[in-house]
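Working notes, structure below.
We did not get these values from a lab; they are worked out from the coordinates using the rules stated. Source: prediction; values computed, not measured. A quick note on method: Cβ atoms are made from the backbone with ideal geometry, for glycine too, and the neighbour counts reach across all protein chains shown.
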Amino acid sequence: MDKYVGHFDETQKWIGNIGLAAHNRGYENNYFANIKKLKEGDIINYCYNNNIRKYVVKKQVIIEDTDWTYLEDTEENILTLITCVENEPKYRRCVQATEEK
C-alpha cells in the first residue's frame, strides 16, 4: 500500500465484491485521502484489465478493524473501500458502492 491501492486477496477482481484498501494520510501515496468526502450517490470509476465499471456509493460506515463482513462475496457487483480512521486504531472507514446499471 505504500505505492499502490491494495486488493484484499479474498475478494474478487471484477465480478462480485471487490475489496480495496489504501492509506488516507501520513504516507507518500494517500489514494484514499478524500474518502471521507464520498457521499451516497457519488460515482466511483473502477478499472481492471483495461475495463472500466462505474459504481454508485450506497453507504459509508465506521467498522471495527476485526469486522470482515463487508468483504464477503456477493452476487451483486459491489466495490468496498477500506481505510483507517484518524486517531482510532481499532476502527476502519468502509465505503460500499454498487455497480451503476
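Of Ile78, Ile62, the sequence from fewest to most neighbouring Cβ atoms within 10 angstrom is Ile62, Ile78.
In this simple spin-label approximation, Ile62 and Glu100 carry label points 7 Å from Cα along the Cα→Cβ vector, and these lie 3.0 nm apart.
For the chain, what relative contact order do you get, as a whole percent, if you take Cα pairs closer than 8 Å and at least 6 residues apart? Let's see the in-between values first.
Numbers: 216 pairs, mean separation 29.4, N = 101.
Over the chain, the number comes to 29 percent.
Taking the DSSP beta bridges with both ends in the chain, the antiparallel portion is around 85 percent. Taking every lysine pair in the chain that is 8 or more places apart or spans two chains, those with Cα atoms closer than 22 Å amount to 22. Can you compute the FRET efficiency between Asp9 and Glu88 using 1/(1 + (r/R0)^6), with r the Cβ-Cβ distance and R0 = 25 Å? Round to the nearest 0.05. After rounding to 0.05, the efficiency reads 0.50.
Counting neighbouring Cβ atoms within 10 Å and putting the fewest first, the residues Tyr48, Tyr70 line up as Tyr48, Tyr70. Running Debye on the chain with equal point scatterers at the Cα sites and no solvent, what base-10 log of I(q)/I(0) appears at q = 0.18, 0.21 Å⁻¹? One equal scatterer on each Cα of the chain leads to -0.84, -1.16.
Dipole check for region 6-99: with +1 at the C-beta of Lys and Arg, -1 at the C-beta of Asp and Glu, and the Cα centre as origin, the magnitude is about 480 Debye. Could you compute the FRET efficiency for Asn45 and Asp2, with r as their C-beta to C-beta distance and R0 at 25 Å, rounded to 0.05? That gives a FRET efficiency of 0.60.
Here the spin labels are modelled as points 7 Å beyond Cα on the Cα-Cβ line, and at Arg53 and Glu72 they lie 1.9 nm apart. Between Ile18, Ile63, Ile82, the residue with the greatest mean-square fluctuation in the GNM of the chain (Cα pairs under 10 Å linked by springs) is Ile63.
Shown for Val95, Val85: other C-beta atoms within 10 Å of each C-beta, ranked fewest to most, produce the order Val85, Val95.
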